[in-house]
Amino acid sequence: MATTILGISAFYHDSAACLVRNGEIIAAAEEERFSRVKGDSRFPRKAVEFCLAQAGLTPAQLDAVAYYDKPIQTFSRLLQSYLEYPLSSFPSFRVSMPLWIHQKLKIPKLIDANLSGYAGPIYFSRHHESHAASAFFCSPFEEAALLVVDAVGEWAVTSIGEGKGNELRLISESRFPHSLGLFYSAMTQYLGFKVNQDEYKVMGLAPYGEPKYEALLRERVIDLKKDGSLALNLDYFQYPYGLQMIHPRLEELLGRKARAANEPVERFHMDVAASAQSVTVESMIRLARAAKNMTGMKNLCLAGGVALNCVGNGAIYREGLFDDIYIQPAAGDAGGAIGAALQTWHQVMVKPRPNPLRDMMQGAYLGPDIETDGCKDYLRGLDCEFLEFSEEDLPKRIAAWIAAGYAIGLCRGRMEFGPRALGARSILADPRDPEAQSRINLKIKFRESFRPFAPMILEERVGEYFKLDIPSPYMLLVMPLREEKRLNREENAGREGFDKLNAVRSDIPAVTHVDYSVRVQTVNSERNPFAWRVVKEFEALTGCPMVVNTSFNVRGEPIVCDHEDAYYCFRMTGLDILVLGDCVVVKPGVDLEAPPREFASVEALST
Amino acid sequence: MSRPDFYPNPELEKERLQQGFLIGATIGFVVLFLLRWHALASVIFLFSFAHFIGWANYDRVGRGIYVCLNALGLAVGRLITPIALALMYGLAILFCGGLLRLFGMNRLERDFARCKEKDTMFYDAPATQRGDFERQS
């Protein structure tokens, strides 16, 4: 008889649910996709409903529920922090105590209230064990070193461990408040971005600047140890006891007030971003080396919010410390739901891992599906004209439209779990088009012009562009473009700040960041059959083995979930074509028979 | 922070009105006969009676009374909560925290200069046993 476990992460940020049946992940989704509240931290009621519906179960039929955190340990850390700052912690106490009293200390009661009919056990994993389990038990490795780096979970901020077979063990941990994740979040706030949401903007901004403040930060603010652990000078931060991350002393140290969200991004901010990023990358490399030294393992599993720093991940890969690296695609707190469920299966129920081992994330396509019939009914209900294509014909058509210069909103198949759109809820465009980056940023996603895009590239041709010997299916590695693919190096070296955006750096300018780096997503015919066929057809038309792939949403909104979200987003933005299942909706003025545009290759451009 | 749910739920509302009536009546009798605080007892009986009317005539006036009492409770809560929190903070955090700091509590390792002298900030991670999964701590 099948054993089903519901994994839940909630009440901090990015709440999510996951259903595991006999060790296989049946469904997983973040609550924000259903509630349309970005980073929704409430109990994932709708995500749970989806997971149960996907498996055809009622709560009463569940065998276990696993929660991804030990709330009482987290509460004790909070109280300890208040006790150590008795004169300054009242504002935070006043906000957090009612939440703890009414919610976070009543997790079993809340689970009971939201899972009517469930009478089984509730298991609690430690936060970092949930993260570690989400990476290791999903990886195809029999044994691996485990590295978890995030803001904080109970007391731990960074953990190193090892996984063997169906067991994982954390060996060392560094503790709150000396946290790399919290340091990065504090710098995110200093730069005028949202904490727990916009950290990737700091990562995207960093290549525009120089790490001019790195030495100052490392001398006065952050002491980086040889093993990657770190001590923070708490004089510059308020997060242990306050409502803000940073203390005004940090502003004094850096010589400027923190940027307000509506103020322009200047060269200074780019330099601060570059400095914070540089410290982070150095720490991540040292931590990976420490993990190697502690465990002696050949493979590495990475998780925790900092593991979404793909620049750091790419740097770890290039260090060559490990034969292979697996990064949990939902490395943040959402992935904790998967980790808690899998840890319950393997370590509480003592069940073996599958044989042969494989990537359990299934391309991260674990969310709700798009039914073409439902889309047709919906579009007819709106009196909206649409075309319908067969599944065989559609990839070819989409490739042709991309090659003709159109931006496509693609909402097809099961939704991705995790922060990246990987070809099921994606916006696709032509990477050869020098105008594509600013057009998508400003007219479609309404976001900052400096934000780079990622390519979805055929796995079999990735080596032509990058020195990358492992697949990167979850868009979690940033790699430098090969030297022979770069253009105008000398001319670009003279540019500063956002002026760098005006330079053509390669024959795939829409996905080449200003430092010639690229955030890579590899696709193959097994993991991503539809996306792979789109790129393959695009390659047949243009010779270019990749397309731009960015998440199907607008600034500040969660990625679209169903056909209604997708249609609304399509109507509100400058997207040209919308693909809903097998249906296609077109904006006025779009010529579906337009020929592919020609762009010069890197060889032609360099002569 | 949890808030009263004003979405109609007749069963739950009737149950709460009944509870309010019984609890109010019990407290009212204690205040009247044991403490002999007549004015306070009258106020409590008044609220208890309102709960009773709402419960006994739920179909006619129950929902209105329930919503009014909840709104009143919310307003009183808004006033009392910060005071209660300030008292809790004063006793539990300010007093105890002050004492603990006097005795040198430093779990957060606040001294940057001393942290800099250390070779590592890593500690042994606590081992997890199977039984640990059943606990929240």
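Listing for the model above:
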read-out: Checklist (1) modelled with pLDDT of 95 or more; (2) touching a Ser or Thr at 6+ places or on another chain (Cβ under 9 Å) applied to residue A:102, failing item; value: (1)
read-out: Filtered residues of region A:414-435 (kept if among the aliphatic types (A, V, I, L, M), in contact with a helix residue (DSSP H, G or I) (Cβ under 9 Å, 6 or more places away or on another chain) and within 15 Å of residue A:521 (Cβ to Cβ)); value: A:422, A:424, A:427, A:428, A:429
read-out: Helices (runs of 4 or more DSSP H) enclosed by region A:229-324 - at least 1 residues per element that are crowded, with 18+ Cβ neighbours inside 10 Å and of a type in the set (Gly, Ala, Ser); value: A:267-295, A:310-319
read-out: Candidate set: region A:197-214, residues that are assigned to a loop (DSSP other than H, G, I, E, B) and buried (at least 21 other Cβ atoms within 10 Å of the Cβ); chosen: the one modelled with the highest pLDDT; value: A:213
read-out: Answer residue from region A:344-356, given it is within 14 Å of residue A:25 (Cα to Cα) and assigned to a loop (DSSP other than H, G, I, E, B) and is nearest to the other protein chains (Cβ to nearest Cβ) among those; value: A:353
read-out: Residues being at the interface with chain B (Cβ under 9 Å from one of its Cβ atoms) and closer than 15 Å to residue A:152 by Cβ - total across region A:232-248; value: 3
read-out: Some residue of region A:191-209 being within 28 Å of residue A:173 (Cα to Cα) and within 14 Å of chain B (Cβ to nearest Cβ); value: no
read-out: All strands (runs of 3 or more DSSP E) inside region A:420-527 with 2 or more residues being under 27 Å from residue A:316 (Cβ atoms) and under 21 Å from the mean Cα position of the chain (by Cα); value: A:454-458, A:477-480, A:517-523
read-out: Qualifying positions in region A:353-406 - under 30 Å from residue A:341 (Cβ atoms) and acidic (Asp, Glu); value: A:359, A:369, A:371
read-out: Test result for residue A:370, part of a helix (DSSP H, G or I) and within 26 Å of the chain's Cα centre (by Cα); value: no
read-out: Residue list for region A:24-50, restricted to those being part of a strand (DSSP E or B) and under 21 Å from residue A:411 (Cα atoms); value: A:26, A:27, A:28, A:29, A:30
read-out: Residues that are away from every other protein chain (no Cβ under 13 Å) and over 15 Å from residue A:77 (Cα atoms), drawn from region A:149-162; value: A:150
read-out: Residue satisfying all of: in region A:163-177; within 7 Å of another protein chain (Cβ to nearest Cβ) and part of a strand (DSSP E or B); farthest from residue A:354 (Cα to Cα) among these; value: A:175
read-out: Sole residue being under 20 Å from the mean Cα position of the chain (by Cα), at pLDDT 90 or above and farther than 29 Å from residue A:127 by Cβ, chosen from B:85, B:69; value: B:69
read-out: Some residue of region A:250-267 being closer than 25 Å to residue A:96 by Cβ and within 14 Å of chain B (Cβ to nearest Cβ); value: yes
read-out: Matching residues in region A:306-355 - criterion: being of a type in the set (Phe, Trp, Tyr) and within 23 Å of the chain's Cα centre (by Cα); value: A:317, A:322, A:326
read-out: Index of the failed condition, residue A:66 passing every other in (1) at the interface with another protein chain (Cβ under 9 Å from one of its Cβ atoms); (2) surrounded by 20 or more Cβ atoms within 10 Å (Cβ to Cβ); (3) in a helix (DSSP H, G or I); value: (3)
read-out: Qualifying residue in region A:29-39 (condition: within 14 Å of chain B (Cβ to nearest Cβ) and buried (at least 21 other Cβ atoms within 10 Å of the Cβ)); value: no
read-out: One residue from A:217, A:224 being surrounded by 21 or more Cβ atoms within 10 Å (Cβ to Cβ) and in contact with a Leu (Cβ under 9 Å, 6 or more places away or on another chain); value: A:217
read-out: Top-ranked residue of region A:103-112 - restricted to ones that are in contact with a strand residue (DSSP E or B) (Cβ under 9 Å, 6 or more places away or on another chain) and in contact (Cβ under 8 Å) with a residue 24 or more places away in the chain, ranked as surrounded by the fewest Cβ atoms within 10 Å (Cβ to Cβ); value: A:111
read-out: Residue within region A:447-460 that is β-branched (Val, Ile, Thr) and surrounded by 17 or more Cβ atoms within 10 Å (Cβ to Cβ) present; value: yes
read-out: Selected residue (only one of A:78, A:52, A:83, A:62 is aliphatic (A, V, I, L, M) and in contact with a Phe, Trp or Tyr (Cβ under 6 Å, 6 or more places away or on another chain)); value: A:62
read-out: Residue identified as modelled with pLDDT of 90 or more and within 14 Å of another protein chain (Cβ to nearest Cβ) among B:49, B:95; value: B:95
read-out: Residue list for region A:480-538, restricted to those being without any contact (Cβ under 8 Å) to a residue 40 or more places away in the chain, surrounded by fewer than 19 Cβ atoms within 10 Å (Cβ to Cβ) and of a type in the set (A, V, I, L, M, F, W, C); value: A:493, A:503
read-out: Unmet criterion (only one of (1) farther than 16 Å from residue A:337 by Cα; (2) within 8 Å of chain B (Cβ to nearest Cβ); (3) assigned to a strand (DSSP E or B)) for residue A:146; value: (2)
read-out: Residue count, region A:69-102 (criterion: surrounded by 16 or more Cβ atoms within 10 Å (Cβ to Cβ), more than 7 Å from chain B (Cβ to nearest Cβ) and outside any helix (DSSP H, G or I)); value: 2
read-out: Which listed residue, of A:364, A:291, A:315, A:337, is in contact with a Lys or Arg (Cβ under 9 Å, 6 or more places away or on another chain) and among the small types (Gly, Ala, Ser); value: A:364
read-out: Top-ranked residue of region B:119-137 - restricted to ones that are more than 7 Å from chain A (Cβ to nearest Cβ) and within 30 Å of residue A:224 (Cβ to Cβ), ranked as surrounded by the most Cβ atoms within 10 Å (Cβ to Cβ); value: B:126
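The values are calculated or read from the model by the stated rules, or taken from the named source; none is laboratory data. Source: prediction; values computed, not measured. Counting neighbours? That spans all protein chains shown, and the Cβs are built from the backbone with ideal geometry, glycine included.
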